[in-house]
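The values are calculated or read from the model by the stated rules, or taken from the named source; none is laboratory data. All values reported here derive from a predicted model rather than from experimental measurement. Virtual Cβ from ideal backbone geometry, glycine too; neighbours counted across all protein chains shown. Remember, those area values only see protein heavy atoms, side chains included, never the ligands or the DNA or RNA. Shrake-Rupley method; radii C 1.70, N 1.55, O 1.52, S 1.80 Å.
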Amino acid sequence: TFDRVSDPSVAYDRSHKTWIISSLAMKGSVGAGILASRSTNSGRTWAKPVTIALKSGVDKDWIVCDNTATSAHYGHCYAEWDDNSAGNVIYLSTSADGGTTWSAPATTANRATGLGGQPVVQANGTVIVPIDNADESAVLALRSTDGGASWSSPVTVEIGRAHV
């Protein structure tokens, strides 16, 4: 279906004992979807990729899983990417079954734009996504405290400065 994949990101889901690689599926030079490949035997074999999102113009995917056993969202995995064809709108999707299925793509409370987010999960299950704004002049952060059901509007962490 696709010409190739790019931008792989790897996460381990301890709850489901599953390695997951998210990738940017390409058609020509354009991102055409976000895929997840799964391995339940330490990477010896991989299942056929599942679709997280299918849309032309997607870019810069990243994946992380909540591996803190005491977290309310233990076993949730989070994929993040942007839609370059729509001004870099930020999208996120969640899986609670080891990457077998994914929620419908969601955006932030204010439909924020950004580029190159890398979600991290805190021990309490809060997901923080540091990300550049769409023109890469500031670093933002957005979060979810409910297992990815909703995402905050981003706050500015740092305004970019030119270094000569």
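Which whole-number value in Å² is the accessible area per residue of the stretch 46-153, probe 1.4 Å?
42
For K27, give me every one of the lysines with a C-alpha distance below 17 angstrom, ignoring sequence neighbours fewer than eight places off in its own chain.
K55, K60
Could you derive backbone 3J(HN,Hα) for the stretch 134-146 from the dihedral phi with the Karplus parameters 6.51, -1.76 and 1.60 (θ = phi - 60°), listing whole Hz in sequence and x where the residue is Gly or Pro?
Once θ is set to phi - 60°, the couplings for the stretch 134-146 become 4, 9, 6, 9, 7, 9, 10, 9, 10, 8, 9, 10, 10 Hz.
Per residue and in cubic angstrom, what volume does the convex hull of the Cα atoms of the stretch 75-128 have?
For the stretch 75-128, the hull spanned by Cα atoms encloses 86 Å³ per residue.
K17: which aspartates and glutamates have alpha carbons under 17 Å from its alpha carbon, excluding same-chain residues fewer than 8 sequence positions away?
D66, D97
Rounded to whole Å and ordered largest first, report the semi-axes of the equivalent ellipsoid of the stretch 22-73 derived from its Cα gyration tensor (root of 5λ).
Computed over the stretch 22-73, the values are 25, 16, 8 Å.
Rounded to a whole number, what % of the accessible area of the stretch 1-132 do carbon and sulfur atoms account for, probe 1.4 Å?
53
Per-residue HN-Hα couplings for the stretch 46-51, Karplus 6.51 cos²θ - 1.76 cosθ + 1.60 at θ = phi - 60°, whole Hz, x for Gly and Pro?
Using θ = phi - 60°, the values come out as 10, 6, 4, x, 9, 8 Hz.
What is the sum of charges around T1, taking Lys and Arg as +1, Asp and Glu as -1, for the other residues whose C-beta is under 12 Å from the C-beta of T1?
+2
Non-local amide H neighbours of L140 (under 5 Å, H modeled in plane, Pro and chain starts lacking H): which ones?
Counting only residues 5 or more places away or on other chains, the set is I131, D132, N133, V157.
Cβ under 14 Å from S56's Cβ, S56 left aside: what net charge do those residues give with Lys, Arg +1 and Asp, Glu -1?
-2
How big is the charge dipole of the chain about its Cα centre, in debye rounded to the nearest 20, if each Lys and Arg gets +1 on its Cβ and each Asp and Glu gets -1 on its Cβ? It would help to have the intermediate numbers written out before the result.
Details: 12 positive and 15 negative charges, 99 e Å.
Here the chain has a charge dipole of around 480 debye.
Quick one: which residues, 5 or more positions from K55 or on another chain, have an amide H under 5 Å from its amide H? H modelled 1.01 Å from N in the peptide plane, none for Pro or chain starts.
Close amide H contacts, sequence-distant or interchain: G33, I34.
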